[in-house]
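*Asks:* Sharing a structure with you now.
We did not get these values from a lab; they are worked out from the coordinates using the rules stated. Note that the coordinates shown come from a computational prediction; the quantities given were computed from them, not determined experimentally. Methodologically, a virtual Cβ is constructed for each residue, glycine included, from the backbone with ideal geometry; neighbour enumeration extends over all protein chains shown.
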C-alpha cells in the first residue's frame, strides 16, 4: 500500500477510536451495523465493497471512495469490475460525479502501482 493510502488508513482508524471512546451507544450501534453490513452474506464482501464504492461515488464522499477503493483492492477487485461499478455510479450520479471518479481512478492507480 502506498504511503498516502497508509496515512489515510491510519488517520481514519485514529479518528474512529476518538469517536468510539466517547462511549455513545447510538454511535457505537451505527458503527456496528456498518461493519456487519459488509460481512459476507447472500452477497460476498467483494460485491458489497463495490456497492459501497458506487454509493460513495453517487453521494460524492471522497473519504468513503478512498476507503472503498482500498477495500476493493484488498478483496481482489479487477480493473474490469472497478470499471463496471464506476460506470454504474456515473449513470446513477450523473456528470457531477466525474471529479469523484477521477479521484477514485487516481487512488486505484496509486494502489495498483504500489503492488
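*Asks:* On the given criteria, is residue 39 touching a helix residue (DSSP H, G or I) at 6+ places or on another chain (Cβ under 8 Å), on the phi < 0 side of the Ramachandran plot and loosely packed, with under 11 Cβ neighbours inside 10 Å?
*Replies:* It is true that residue 39 is touching a helix residue (DSSP H, G or I) at 6+ places or on another chain (Cβ under 8 Å), on the phi < 0 side of the Ramachandran plot and loosely packed, with under 11 Cβ neighbours inside 10 Å.
*Asks:* Return yes when residue 6 is in contact with a helix residue (DSSP H, G or I) (Cβ under 8 Å, 6 or more places away or on another chain) and without any contact (Cβ under 8 Å) to a residue 12 or more places away in the chain and no when it is not.
*Replies:* Criteria not met by residue 6.
*Asks:* For the range 49-67, give me each residue that is outside any helix (DSSP H, G or I) and either in contact (Cβ under 8 Å) with a residue 40 or more places away in the chain or surrounded by 19 or more Cβ atoms within 10 Å (Cβ to Cβ) (or both).
*Replies:* 60
*Asks:* Looking at the structure I just gave you, is residue 110 in contact (Cβ under 8 Å) with a residue 60 or more places away in the chain, closer than 20 Å to residue 5 by Cβ and assigned to a helix (DSSP H, G or I)?
*Replies:* yes
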